[in-house]
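Note sheet for the following structure.
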Amino acid sequence: MLLNTRTAVFGVAALASIALSMFLTQRIWRENGLRALEAINEQRVQLVANAVRSEISRQDHLPVVLSLDAEVRAVLAAPGDPVRRDRLNRKLQHVSREADTRALYVIGPDGVVVASDDWQLPDALVGRELSHRPYFTKAVEAGRASYLGVEPASNQVRYFLAEAVRDPSLLGVAVVRIEFDALEAAWQQAGERVLVTDQNGIVFLASDPEFKYRFLGAVREPADPAEETTQYPPAGAAPISFDVLERRGSGSAVRIRGAADRTSYLYQSMALPQYGWTIHRLTDLQAIDADQRDGAIIGGALSALFISLLLYLLQRHRAYADAREAGARLQRQVAERTRELQEANTTLQSEIDERRRTEERLRAAQNELVQAGKLAALGQMSAALAHEINQPLAAIRTFMASTKIFVQRGEMKQVSGNLDLIGGLADRMAKITAHLKMFARRSEPGRPEPVLVERAVEGALFLIESQTKNSGVRIEQELEPDLWVLGYAVQLEQVLLNLVQNALDAVEAVADPCIRIQTRSSGGRVAITVSDNGHGIPAEHIARIFDPFFTTKSVGKGLGLGLSITYGIVQDFGGQLSAVNRPEGGAALTIELPRHAGQAAFRKKVLHA
Ligand code: ADP
């Protein structure tokens, strides 16, 4: 919404500035064009004025010269002399030709032309009666006259200059007739729009015939109709007046009122005070209008270009700001994310620490449990062990008694044999106690080491030997040689001891008790199975037998810890413990462990590590 408003405001401002610059440039273009045109036209008006002036001044002295001429005077004094008149006619013709005059003639005091430069032409002036002509009467009155009049034959304006010839009475009048036809033709040819008005504001010379003999309102108010001279033919058209569009220093921009076309002109005028005339010049402003249009287009285009540039820069600036903001946002997000990650990391670290502590506690608890298990196993074995130790002790005692007798008899050979037997029995007792000591020792978790499976089986069977022997159970072994696993020897012994112990318990009431220990390897794993032909595990118990304190045995016989400890140890070794009932009766418990390359490989590895 805000964006739309801003866009709209920008659009309006852009349009306004384009319009303003169009207006200003078209003004400037017009102004410059007009100034240049004015400067040129001022000179042109001057030129026109000079042309009119020189047309007159070239001839205006002729009547004066004639009035002083002795021949003229002589002819006027004696008009009847044909020879003199003829000579004067020729003289006038000659002068007229030399001075490039249209008409030069001398009138007698009665108004009849005495001599004329056109005496040879059929419609020559000689003999014509001109006494009523204004220039004649004025010259008679004032001695000199100038008169603008239209020659009826050509309907063209003529300018007459007349000078009275006196001696001292009036002898006649010398007249020169000036024509501006050539000037008008030249203006027309050059496409100039020039008007010349007389003292009454009537156009008597015009480049365009349609303006002729009309009153030009630009000069003065229309003359009183009574005052209107009869020197020109009736105009037949309304006075010319201008609609002033703009007033300027030396002229003004005007439009001709009532004209069919709407052309505007630069109007300039110049007075010729010595004749009472005014020169008017109109210059078509079409070129200026075109300039003005061009100016507007250029101004608009420049302003549009500038606005586009501004827009482009704004766009770039905005894109840059956006990119910077996005960068900053990204940085903030990264920082936030980093902080979150750090927090998560810290939390994770503390969780890891906690877990490690828990693990340590668990391991300690497990160790305690293992120890408890071992002690429980020892407790279970204690009766059998006592028997196992008592038997050799009793035997030793018997051997010692008989040895005494042999000593008294001096049968040293017998003595020596008895001592050997006693030594053997002592060795066996020492072996049992050493093994028990080792088994009972609290196992410190250290670096796991390769354990030879058959040796662990041997150790476990050794510990339980007295029990197996007593119970009359058949122990079958099917051991694959050179099977190694990574772990702790005592713990593996303990595991096997537990399994064999359970098997022993299971076959208690069986007629032909048999326990089978089998080890084999396949696919990098070692499987140790302890199976029996006992009562088996009831189906409802099989899922629970690894739970701590689960036991089906009577109080004092079972704690329900053996399998759970076994399970934990096997898992520590990276293995699995499973139990199944054999189809032929009895249970089979299998430990699966990753196979190890053996002691030699281990040493090598440790050395290299
Ligand atoms: P405990 O021997 O002290 O009862 P265990 O964890 O070693 O504790 O054994 C749990 C239970 O699993 C035993 O009470 C017994 O019911 C069952 N069990 C274990 N081994 C066998 C087996 N070989 N045959 C039949 N039942 C077994």
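Report the extension gain between Arg27 and Glu192 in nm, rounded to one decimal, defined as 0.36 nm multiplied by the number of residues separating them, less their alpha carbon distance.
56.8 nm
Long-range amide H contacts for Arg166: which residues qualify at under 5 Å (H placed 1.01 Å from N, peptide plane, sequence gap of 5 or more or a different chain)?
Answer set, sorted by chain and number: Leu171.
Can you give the convex hull volume per residue for the Cα atoms of segment 328-485, as a whole number of Å³? It would help to have the intermediate numbers written out before the result.
Details: hull volume 30.2 nm³, N = 158.
Per residue, the Cα convex hull of segment 328-485 comes to 191 Å³.
Quick one: how many Å² of Tyr320 are accessible to a 1.4 Å probe, rounded to 10?
130 Å²
As a test, work out the antiparallel percent of DSSP beta bridges whose residues both lie in segment 475-609, rounded to the nearest 5. Can you show the working numbers first?
On the way: 23 of 28 bridges.
Roughly 80 percent of the DSSP beta bridges within segment 475-609 come out antiparallel.
Give me the percent relative contact order of segment 375-492, please, defined on Cα pairs under 8 angstrom at least 6 residues apart.
30 percent
Limiting things to C-alpha atoms, what are the Rg and the maximum Cα-Cα separation (Dmax) for segment 33-84, in angstroms?
When restricted to the Cα atoms of segment 33-84, Rg and Dmax are 21.5, 67 Å.
At 7 Å along Cα-to-Cβ for each site, give me the label-to-label distance between Leu47 and Tyr275 in nm.
For the pair Leu47/Tyr275, the computed spacing is 1.8 nm.
If Val9, Val112, Val451 are ordered by their accessible area, calculated over protein heavy atoms with a 1.4 Å probe, which sequence runs from highest to lowest?
Reading off the accessible areas and sorting them downward yields Val9, Val112, Val451.
Suppose every K and R has +1 on its Cβ and every D and E has -1 on its Cβ; what is the size of the dipole of the chain about the Cα centre, in Debye to the nearest 20?
3000 debye
Would you rank Val48, Val140 by solvent-accessible area, highest first, keeping every protein chain in place and using a 1.4 Å probe?
Working: Val48 10, Val140 50 Å².
Most to least solvent-accessible, the answer reads Val140, Val48.
Projecting each Cα onto the charge dipole of the chain (Lys/Arg +1, Asp/Glu -1 at the beta carbon, about the Cα centre), which of Ile56, Tyr567, Ala460 comes out farthest on the positive side?
It is Ala460.
Gln391 to Asp427: extension gain in nm, 0.36 nm per residue of separation minus the Cα-Cα distance?
Details: separation 36, 0.36 × 36 = 12.96 nm, distance 1.34 nm.
Full extension of this stretch gives 11.6 nm more.
If the cut-off is a Cα-Cα distance under 12 Å, which aspartates and glutamates reach Lys431, setting aside same-chain residues fewer than 8 apart in sequence?
Reachable aspartates and glutamates: Glu388.
What ³J(HN,Hα) values, in whole Hz, does the Karplus curve 6.51 cos²θ - 1.76 cosθ + 1.60 give for segment 397-414 when θ = phi - 60°, with x put for Gly and Pro?
Karplus-based 3J(HN,Hα) across segment 397-414 equals 4, 4, 4, 5, 4, 5, 5, 3, 4, 4, 5, 4, 6, x, 8, 5, 5, 5 Hz.
Checking the table Lys404/Lys469; Lys404/Lys437; Lys469/Lys557; Lys374/Lys437; Lys437/Lys553 against a 22 Å threshold on Cα-Cα, which pairs fail? Write out the running numbers ahead of the final one.
Numbers: Lys404/Lys469 32 Å; Lys404/Lys437 33 Å; Lys469/Lys557 19 Å; Lys374/Lys437 11 Å; Lys437/Lys553 27 Å.
Pairs exceeding the cut-off: Lys404/Lys469; Lys404/Lys437; Lys437/Lys553.
Once neighbouring chains are kept in place and the probe is 1.4 Å, which whole percent of the accessible area of the chain is contributed by carbon and sulfur?
Here it works out to 57 percent.
Looking at the square roots a ≥ b ≥ c of the eigenvalues of the Cα gyration tensor of segment 504-589, which shape do they give, rounded for a/c under 1.5, prolate if a/b is larger than b/c, or oblate?
oblate
Can you tell me the dipole magnitude for segment 9-96 around its Cα centre, using point charges on the Cβ only (Lys, Arg +1; Asp, Glu -1), in Debye to the nearest 20?
160 debye
Quick one: how many Å² of Thr101 are accessible to a 1.4 Å probe, rounded to 10?
Spelled out: Thr101, probe radius 1.4 Å, area about 10 Å².
Output wanted: per-residue J couplings in Hz (rounded whole) for segment 518-523, from phi through Karplus 6.51 cos²θ - 1.76 cosθ + 1.60, θ = phi - 60°, x for Gly and Pro.
Once rounded to whole Hz, the list reads 10, 10, 7, 10, 7, x.
Restricting attention to segment 524-557, which trypsin sites (Lys or Arg not before Pro) occupy a DSSP loop and are surrounded by at most 14 other Cβ atoms within 10 Å?
For trypsin sites (Lys or Arg not before Pro) across segment 524-557 that sit outside H, G, I, E and B with at most 14 neighbouring Cβ atoms in 10 Å, the list reads Arg544, Lys553, Lys557.
So, in nm, how far is label Ala440 from label Glu508 when the simple model puts each one 7 Å beyond its Cα toward the Cβ?
Result: 2.4 nm between the two label points.
Can you classify segment 81-187 as rounded, prolate or oblate using the Cα gyration tensor, where a ≥ b ≥ c are the square roots of its eigenvalues, rounded means a/c under 1.5, and otherwise it's prolate if a/b beats b/c and oblate if not?
The shape class here is oblate.
What's the long-distance tail for segment 462-525, i.e. % of Cα pairs beyond 19 Å?
I get 39 percent for the Cα pairs in segment 462-525 exceeding 19 Å.
Expressed in whole Å with the largest first, what are the equivalent ellipsoid semi-axes of segment 57-141 derived from the C-alpha gyration tensor as the square root of 5 times each eigenvalue?
17, 16, 14
By the scheme Lys and Arg +1, Asp and Glu -1, what is the net charge of all other residues having a beta-carbon under 14 Å from that of Ser96?
Once positives and negatives cancel, what remains is 0.
How much accessible area per residue does the chain have, in Å², with a 1.4 Å probe?
Per residue, the chain has an accessible area of 56 Å².
For Gln599 and Val334, calculate 0.36 nm times their separation in residues minus their Cα-Cα distance, and state this gained length in nm to one decimal.
Working it through step by step, the gained length comes to 90.2 nm.
For Lys91, give me every one of the aspartates and glutamates with a C-alpha distance below 17 angstrom, ignoring sequence neighbours fewer than eight places off in its own chain.
Cross-link targets: Asp69, Glu71, Asp81, Asp100, Asp117, Asp118.
Can you compute the modelled spin-label distance between Glu476 and Arg262, with each label point 7 Å from Cα toward Cβ, in nm?
Each label point lies 7 Å from its Cα, and together they span 13.0 nm.
Report the relative contact order of segment 138-214, percent, no decimals, based on alpha-carbon pairs under 8 angstrom and at least 6 residues apart.
19 percent
Tell me, what is the percent relative contact order of the chain, built from C-alpha pairs under 8 Å that lie six or more residues apart?
Relative contact order comes out at 9 percent.
Projecting each Cα onto the charge dipole of segment 271-335 (Lys/Arg +1, Asp/Glu -1 at the beta carbon, about the Cα centre), which of Ala287, Leu314, Leu272 comes out farthest on the positive side?
Sorting the options by dipole projection puts first Leu314.
Rounded to the nearest 10 Å², what accessible area does Phe23 show when all protein chains are kept and the probe is 1.4 Å?
Rounded to the nearest 10, that gives 110 Å².
Looking at Gly80, Val106, Gly127, which one has the Cα that reaches farthest to the positive end of the dipole of segment 66-190 (charges on Cβ: Lys, Arg +1; Asp, Glu -1)?
Gly80
If you place +1 on the Cβ of every Lys and Arg and -1 on the Cβ of every Asp and Glu, how big does the dipole about the Cα centre of segment 417-563 come out, in debye to the nearest 20?
For segment 417-563, the charge dipole is close to 400 debye.
The values are calculated or read from the model by the stated rules, or taken from the named source; none is laboratory data. Note that the structure is predicted; figures quoted are calculated from it, not measured. Cβ: placed from backbone, ideal geometry, glycine included. Neighbour counts: every protein chain shown. Each accessible area value is taken on the protein alone, full model and side chains, heavy atoms only, with ligands, DNA and RNA left out. Shrake-Rupley method; radii C 1.70, N 1.55, O 1.52, S 1.80 Å.
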